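To start, the structure itself, in C-alpha cells.
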Amino acid sequence: MNIQQNSVSENNFEQCIKCTICTVYCPVAAVNPDYPGPKQAGPDGERLRLKRPDFFDNALKYCMNCKRCEVACPSNVRIGDIIQSARIKYGPQHNTSLRNFVLANTDLVGSLATPFAPVVNTAVALKPVRFMMDKVMAIDHRRVFPKYAHGTFTSWYRKHAAAAQEAYPKQVAYFHGCYVNYNNPQLGKDLLKIMNALGYGVQLLDKEKCCGVALISNGLYKQARRQAQTNLRSIRTSVKGRDLDVITTSSTCTFTLRDEYPHLLELDNADVRDRIELATRYLYRLIQEGKAQLKFKDTTPLRVAYHTPCHMEKMGWGYYSIELLRMIPGVEVTVLDSQCCGIGGTYGFKKENYEVSQAIGAPLFRQIEASGADIVATDCETCKWQIEMSTSKPCEHPLHILASRLA
Amino acid sequence: MRFDTVIIGGGLAGMACGIRLAQAGQRCAIVSQGQSAIHFSSGSFDLLGRLPGGEAVSDPVAGMAALAECCPSHPYAVIGAENCARYAQEAPGLLREAGIRVAGDCRRNHFRITPMGKAKATWLSIDGYLTTPQVGEFPFKSVCIVNIEGFLDFYPEFIAEELRKYNIECRFGSFNHPDLEQIRRNPSEMRSANIARVFDHDANLEALAEALRQQATGCDALILPALIGINRNDSLEYLRERVGLPIYLLPTLPPSIPGIRAQQALQHRFRALGGEYFLGDSVLSSEIEQGRVARIFTANHGNIPFEARRFVLATGSFFSKGLVATFDRIVEPVFGADTVSRPSRSEWYTLHFFDRHEYQAFGVRTDNRLRVVKEGAVLENLYAVGAGLAGFHPVQEGCGAGVSLLSALHVAEQILKD
C-alpha cells in the first residue's frame, strides 16, 4: 500500500493547500499589483494551464525568480519552478527584443566590451548615452551600469597564473562566471590567493559558458540549454575525468548549475551536482574538518553587514559565508534580514521594472544605512551593484574581504 | 556544523524551545521546512478550554491538575501539573520579550471571538483583539463592524448575528480606497497580507481613520478585521487616537497578520540571542549511534551534517508533515520514531466533522521526559515538543498553543539540567 508515496506531482504542485504564505513573502507582489503573486501564478494557474495552455497569463513575466516563495512554503511546493517552467512551456517563444538579448548575453556582451573597457565604462556613465539606452532599448537611465574590466580574468589567468597552479599538491576547478571574467577579475585573483595559501591549485574548466540564468529569465531557453550542456560536459570532465571539485564564487551561478539545470532546463546533473559548490562552503568544510587553516595579518577592526542574496537563501548556504567572515580577526559581522534587494539579475535594468525594483529593495537599503557597518558583504554580483547604487556603502564579496586580510 | 542543540521545526514550540536555550547561552540551530502554522494564528494562545469529557475549564491551572489525574498520557500530565503551572507563568514573558504584546491569566480564561463571532475560552490574547472576561460581557453596547470592500475572508453578518444575541446593537460599515482597487484586479488575491500592506502607508491609514470616524458616529466602539500593521506596530494606536473610539480587531481567515508578526518577532528574538535559523530546508536522514542521534542530513546542506549534543523534534502534526498518515499507519518521517495511534483505520475518525476524532491525539511516542522512542527504545538525546506529541486533542480541549509552549519550556529545562 504505497499509493500516496507514488502519487508525486511535478514540482510537488498537488501539495499546495492554498495557504497563501508564499504570497506573503513574495517581494514583487508586495509592491507590484500587476503581479498576481506566486500562489495564483504558480499552483493555481497551473491547474488552468494544464487544462488549456492559453490560460497562460503574461503577468508571469513579473516573477523575478527569486524563489523566496519556495523557501516560505510549508508544503515543499516548488512554486518558483512552476512559474518559470510555465513561462518556458506556454510563454512567448521568441522573446528576443534587442534589449533582452543584450541583457541576457552577458558572455557575448562581456567579451565585446572588455577590450574597450575604458571607453565603454565612460560611455555608459554619460547622461546622453544612458538617455539613448533608455529610449531605444528600454534600459532605465537611472540604473548605474557595472564597470567592465580592461582584460578578462581568463586571459590574466593564462598569462600570469596557470603555470604556477600546477605546483600545488591539491587541485580544484573553478567556475568563474561572467562577472569575474568581465567585470571583477580581482575576485578570481582573491580566490586563487586564498586557495593557494591553503595549498590548493585552481584550474579552469575546459570550456565555460555563462551559466544561463539571464538567458532563462529573458526567454532564450534554447540557448540557455545549449550553454548548460557545454558547462555540464566541462564539469563532468573535471569531476569525473580529473576528480576535481568545482567551486564557484557567485551564488546565482551556483544555484543555476545545481538546481535550475535539472528543474527548468530538464538536464540531469545528479552525477555531478554534489561536487559543485560555493567556495565559501568548500572553505568552511576544509576548516571544520581540520584540513586547512587560514592565517591573517591585517586585524584592523571592520564592521561588516552580510546580505543574503535570494538564491543563497534558497540554497540555505548563507551560513557558510557568514561563518567564514566571523573567523576573520577584527571583523564584526551583523546579518541583515534576509530580504530581496530588488535587482533580480537583469530584472531591475529594465525600464518597466525600475520603480518596482527600487521599491522592493527599499527596506534593505534602510537597514543597511542604519546598520553602522563599514562595508556590506554579499555573494551575488547583481546584489552588489544594486546595493552600491542604492546605498552609501561599498559592497564586496566575503572572499575579497578575507583575501585582503590574509597573511 | 556543530551546535549544542539542533531543533527540527520552526513553529511555536521549536522557536520557544530555541529561545529559552539560546537565552541560557546555548548555541542553537532551528531547521524549518518553510514558514509555520503561526501564520494561521487566531491572535490568541489557548492553554486549556475544556476537559476531555467536555466540561468547560475556567481555571486552566486547576484544569491541568485535573487532567493529570484523569488522563496520564496527556502531555500536561507527562510534564506534571506543578511544572505546567510554573511554565504557564513563564511563557507570557517569553512572548513579551520577543515583542508580542499578550495579556491573559493562566488562572482565569478569558474569551476570544472567532471569525464567526463565537466566544472561545483562551489564555493569552495579542493586544488589540476583541476579548471578553465572560461570554457575552462585551465592552460596548453598540458597535460598528467595518469591512474592507471586496475582502472575502471576514464576515460582518455572522459576527453581528452572534453579538445581537447579547443585545449589542450592530451596524455595518465599509471602506474602499484607490490603492485597494489595484489589488482588487486580482480578486483571488484580495487577501489579508496584500490589504495590510496598503494600510502600512501613512496616507492610507489616515484615510481609513477618517472613514471610520464618519461611519462610527453614535457607536461605542468599532470592530475591524485584523488587517492593519504588517510591517509597523503603531497602526492600531494611531487609529484609536484619530477616531477617538475603542477599536477592536477580529481574526480573519489565513494568513493572519498578527500571526505573521508573531512569527517574525520570535524569529528575530531567536536570532538576536545568537540562534541560527535555517528556513526552507528539510531533514533527509539521520545517524543514530548507541541510542543517540549523532547527526542529521538535510536537503540543502547535503554532505555537511548538523551535529549536536541534543536534538529536538518540533516538526508538528499532520499539517506540517511532522506526522504522515499512510493507509494503515501513522509515520513520523524524520527519525521513523514510534507513534501512538490506533491499529484500525476505521477507529481514526468519525463521520462528523466536529467530533473528537482519535487521529487528533495521535503523535510521537515519548518517555516521561518527552524523549522520543524508536523501535521500543528511548533515544537518549532526542526530545519531542509541540503539536507532534501524542495524547491530546488541541481543538476540542483548546490546548494547542499551551502544549507547544509548555512542552518547549519543559524540554529546554531538561536539556539545561542535564
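The values are calculated or read from the model by the stated rules, or taken from the named source; none is laboratory data. Being a predicted model, the structure only gives us computed values, none of them experimental. Glycine also receives a Cβ, built like all others from the backbone with ideal geometry; neighbour counts cover every protein chain displayed. What goes into the accessible areas is simple: the full protein's heavy atoms, side chains included, and nothing from ligands, DNA or RNA. Shrake-Rupley method; radii C 1.70, N 1.55, O 1.52, S 1.80 Å.
Worth a mention:
- Reported count of residues in region B:55-93, each being free of Cβ contacts under 8 Å to residues at least 40 places away in the same chain and not in a helix (DSSP H, G or I), is 3.
- In region B:303-322, the residues that are among the β-branched types (Val, Ile, Thr) and either crowded, with 23+ Cβ neighbours inside 10 Å or away from chain A (no Cβ under 11 Å) (or both): B:312, B:315
- Of the residues screened, residue A:118 is one that is surrounded by fewer than 13 Cβ atoms within 10 Å (Cβ to Cβ), out of contact with any Lys or Arg (no Cβ under 8 Å at 6 or more places or on another chain) and assigned to a helix (DSSP H, G or I).
- Every residue from region B:94-112 that is in a strand (DSSP E or B) and either at pLDDT below 95 or touching a Ser or Thr at 6+ places or on another chain (Cβ under 7 Å) (or both): B:102, B:103, B:104, B:108, B:110, B:111, B:112
- Filter result for residue B:339 (of a type in the set (Val, Ile, Thr) and either within 17 Å of residue B:315 (Cβ to Cβ) or open to solvent by less than 10 Å² (accessible area, probe 1.4 Å) (or both)): yes
- Extreme residue, farthest from residue B:383 (Cα to Cα), among residues of region B:243-294 that are open to solvent by 30 Å² or more (accessible area, probe 1.4 Å) and hydrophobic (A, V, I, L, M, F, W, C): B:245
- Output for region A:333-355, where each listed residue is touching a residue at least 24 places away in the same chain (Cβ under 8 Å), more than 15 Å from residue A:100 (Cβ to Cβ) and touching a helix residue (DSSP H, G or I) at 6+ places or on another chain (Cβ under 9 Å): A:333, A:335, A:336, A:337, A:338, A:339, A:340, A:341, A:342, A:343, A:354
- For region A:251-304, the set of residues classified as under 23 Å from residue A:373 (Cβ atoms), touching a helix residue (DSSP H, G or I) at 6+ places or on another chain (Cβ under 8 Å) and not in a helix (DSSP H, G or I) consists of A:278, A:294, A:298, A:302, A:304, listed by residue number.
- Annotation for region B:327-335: no member residue is away from every other protein chain (no Cβ under 12 Å), hydrophobic (A, V, I, L, M, F, W, C) and open to solvent by 30 Å² or more (accessible area, probe 1.4 Å).
- Tally of residues being in contact with a helix residue (DSSP H, G or I) (Cβ under 8 Å, 6 or more places away or on another chain), under 19 Å from residue B:159 (Cβ atoms) and open to solvent by 60 Å² or more (accessible area, probe 1.4 Å) across region B:203-234: 0
- Among the residues of region A:39-95, the ones that are of a type outside the set (A, V, I, L, M) and assigned to a helix (DSSP H, G or I) come to 26 in all.
- Single unsatisfied condition, residue A:174 versus (1) on the phi > 0 side of the Ramachandran plot; (2) crowded, with 18+ Cβ neighbours inside 10 Å; (3) not polar (S, T, N, Q): (1)
- Candidates B:56, B:37, B:13 - the one that is closer than 18 Å to residue B:318 by Cα and open to solvent by 30 Å² or more (accessible area, probe 1.4 Å): B:37
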